[in-house]
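The values are calculated or read from the model by the stated rules, or taken from the named source; none is laboratory data. Since the structure is predicted, the reported quantities are computational estimates derived from the model, not experimental observations. When we count neighbours, we look across all protein chains shown, and the Cβ atoms used for this are built from the backbone with ideal geometry, even at glycine. Just so you know, the surface numbers come from the protein's heavy atoms only, side chains and all, with ligands and any DNA or RNA stripped out. Shrake-Rupley method; radii C 1.70, N 1.55, O 1.52, S 1.80 Å.
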Amino acid sequence: MSTPAEEEDPFPVDDGLFSETFSQEVVFTLMGEQLKISQVFGANLGVAAAVWEAAVHLCRFLKDQSVNLKGKRIIELGAGTGLVGILAARLDHKSLKKKSSLIKMLYVCFLSGAEVTLTDLPLALPQLQANVSANTLSNGWPSAEPAVLPLSWGEDHLNFPSDWDLVLGADIIYLPETYPLLLKTLAHLCKSGAVVYLSSKMRREHGTHIFFEEYLPSRFHVTLIHRDEKQNNNIYRASLRTEE
C-alpha cells in the first residue's frame, strides 16, 4: 500500500497547508481489489484528505502479532479517506483463501464478526461517506457496511458508548492543541477496558513525543510495542488506569 505522496514531512508547520482546494480521484489496486478513493485537498479537510503510511504499519503489526479481533467492537479515530476500512469491508470469505496473510489479517480485524465504526470531524464525513458509497459492490457488502459518524474530540465524545474492545488511530497525533481533547476522548471510550493501538510518525516539530511521554501516561498504561527507525514510526498500546 502506498500513499499518494512520498514527502518527508506531510505535516509541515505552515498555516497555508492545503490553502488551495482541489480534488483527486485515485484508483488503488490493493490486495486484488480496485478501490476508487476521492481525496479533496483543501483548507477544510487538511490532512484528512490523504492516506498515510502509519495505518500500514499498524496493520502489519496486528498481523505479525496474530492479534485475534474476531467478534470485537472497534472504533477508529481520524479515519480520513477510509481506505483501510473500505478495503477490509470489500473482502469476502469466498476469496480469502487466495489472498495474502496481510489481507487475511485485515479481514479478521474489520469484518469477521467485528462491529466497525469509522469517525472523523464533521467536515471530513462527506469525503469518507462518499468513498464508502463509491466502493459498494453491486451485490452489496460482504458483511455490514462500515458506520461513518462525526466525532470531535473532547466535545461530543459522550455521544459514544464506552464498551469498545479496541480503539485504533493512525497518524492522528500532530496538533498539540488537540492532545488534551484526544486524551479526554480516549479515557471515555476506554472506560470498559478497551485497548488502544496508536500508530504515529514521530514528528518532533509537532511535539508528537510529548503526547506519548506526558499526556497519555497521565491516564493510561502505555507501552511502545513497535519502532520503525527507517520510517520514524512508533506503535503504542495503551489501557486506561484503574487504580485512581
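Of all the residues in the stretch 207-243, those that are under 19 Å from residue 180 (Cβ atoms) and under 19 Å from the mean Cα position of the chain (by Cα) number 8.
Tell me, please, whether a residue that is out of contact with any strand residue (DSSP E or B) (no Cβ under 9 Å at 6 or more places or on another chain), buried (at least 18 other Cβ atoms within 10 Å of the Cβ) and closer than 22 Å to residue 124 by Cα can be found in the stretch 157-165. I'd like the intermediate steps shown before the answer.
Taking the stretch 157-165 first, the residues out of contact with any strand residue (DSSP E or B) (no Cβ under 9 Å at 6 or more places or on another chain) are 157-158, 162.
When the remaining residues are screened for being buried (at least 18 other Cβ atoms within 10 Å of the Cβ), the result is 157.
Still in the running and closer than 22 Å to residue 124 by Cα: 157.
The answer is yes; a qualifying residue exists.
Of the residues contained in the stretch 132-144, none is found to be open to solvent by 20 Å² or more (accessible area, probe 1.4 Å), touching a residue at least 24 places away in the same chain (Cβ under 8 Å), under 18 Å from the mean Cα position of the chain (by Cα) and under 21 Å from residue 81 (Cβ atoms).
Going by the conditions given, is residue 222 closer than 23 Å to residue 235 by Cβ, of a type in the set (Val, Ile, Thr) and surrounded by 15 or more Cβ atoms within 10 Å (Cβ to Cβ)? Judged against the criteria, residue 222 is a match.
Going through the stretch 219-244 one residue at a time, which ones are outside any strand (DSSP E or B) and touching a residue at least 60 places away in the same chain (Cβ under 8 Å)? Give the derivation first.
Here is the first cut: in the stretch 219-244, the residues outside any strand (DSSP E or B) are 219, 229-232, 241-244.
Across the stretch 219-244, the qualifying residue is only 231.
Could you grab me the full set of residues in the stretch 197-218 that are touching a Ser or Thr at 6+ places or on another chain (Cβ under 8 Å), in contact (Cβ under 8 Å) with a residue 60 or more places away in the chain and open to solvent by 20 Å² or more (accessible area, probe 1.4 Å)? Listed by number, the list holds a single entry, 201. The requirement of being modelled with pLDDT under 90 and β-branched (Val, Ile, Thr) is not satisfied by residue 172. Among the conditions (1) in contact (Cβ under 8 Å) with a residue 60 or more places away in the chain; (2) open to solvent by less than 40 Å² (accessible area, probe 1.4 Å); (3) within 20 Å of residue 57 (Cβ to Cβ); (4) of a type in the set (Ser, Thr, Tyr), the only one that residue 174 does not satisfy is (2).
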